[in-house]
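Derivation of every value follows stated rules applied to the coordinates shown; laboratory data play no part. Just so it is clear, the structure is predicted and the values come from calculations on it, not from any experiment. Cβ atoms come from the backbone with ideal geometry, glycine included; neighbour counts cover every protein chain shown.
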Amino acid sequence: MNATVKFPDFIIGGAPKCGTSSLYFWLADHPQLCPSPVKETNYFGDKVNPSNKERNFIENGTEAYGHFFKQCSVESLAYEASSHYLYDENALQHLTTLPTNPKFIFILRDPLAQIYSHFRMLRYRVKRFDGDLETYLKRSDSTFQTEYAFYLKKWFEKIGKERILVLVFEDLMQNKVQNLKKVSDFLGVDATFFEDFDFQHRNETVAIKSGWLHKTGLKLQPLVPTAIQKALVPIYLKFNSNTLPKKSDKEVETLKTLVPHKERVIAELNAFLPDLDVSYWNK
């Protein structure tokens, strides 16, 4: 492997719709950190799909991954944020053995909120599903992303707890400064940077008007510096999005059927990571 290739020093992952985009952009402002121009490379995904078809481990091997970090200096800590890595076997086996010995930050969310938010993203934002919530839950893949303990155990067994930081989405959003200082300490960078930081929530699900325009924007993303992306996204969403419909009474009742699933997920997570505070999920 070419010794001059720059690989990431840490990775942000976790379940989809759990704040990985927000954390990616907040950290991008830190002078000691260097993000990939593509937030979600999915380079080590288990399958080739539209999100990684231009570059991926399956077709290009490990060294080509350095393309996403070639703009980063030797002194900076390079990173990206691909939520699905928590579940991908390629990521587990190959990201963990990079010469940089990268650290991993995984974000978890209330299981019912994650499932519902992901459904709304598929239904209204990326438009890959056209049914109601009840129909969505009949899919075999509708809840697997909330099997947090099952997937986290694999990562802890592979690299140990020293290289992993687990955050809770609800706590992250309510206590941003405290959590960003925790992240900074974990990475070994200046934590005081976030004391007076102007936080902005990212990747909130909206109803996209033009699917073509949205896909075009995603293709252009790698060509646009992160700082400019941060300024342009709110303007873009103003012109190419609608307000989502409110949660219906039927959806509320449908989600209640998942309460036993949620209780099991919490019990398994408490048994595996007893120090992780998920009390927000019971509020």
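Here are a few things to note about the model shown:
- Each of His94, His67 was scored by other Cβ atoms within 10 Å of its Cβ. Arranged with the fewest first, they read His94, His67.
- Positive-pole candidate from Phe156, Asn179, Gly131, dipole of the stretch 130-193, charges at beta carbon: Phe156
- Between Asp141 and Glu63, the contour length at 0.36 nm per residue exceeds the Cα-Cα span by 24.9 nm.
- Members of Lys153/Lys250; Lys246/Lys283; Lys176/Lys256; Lys103/Lys153; Lys17/Lys182; Lys154/Lys250 lying beyond 27 Å, as alpha-carbon distances in this model show: Lys153/Lys250; Lys176/Lys256; Lys154/Lys250
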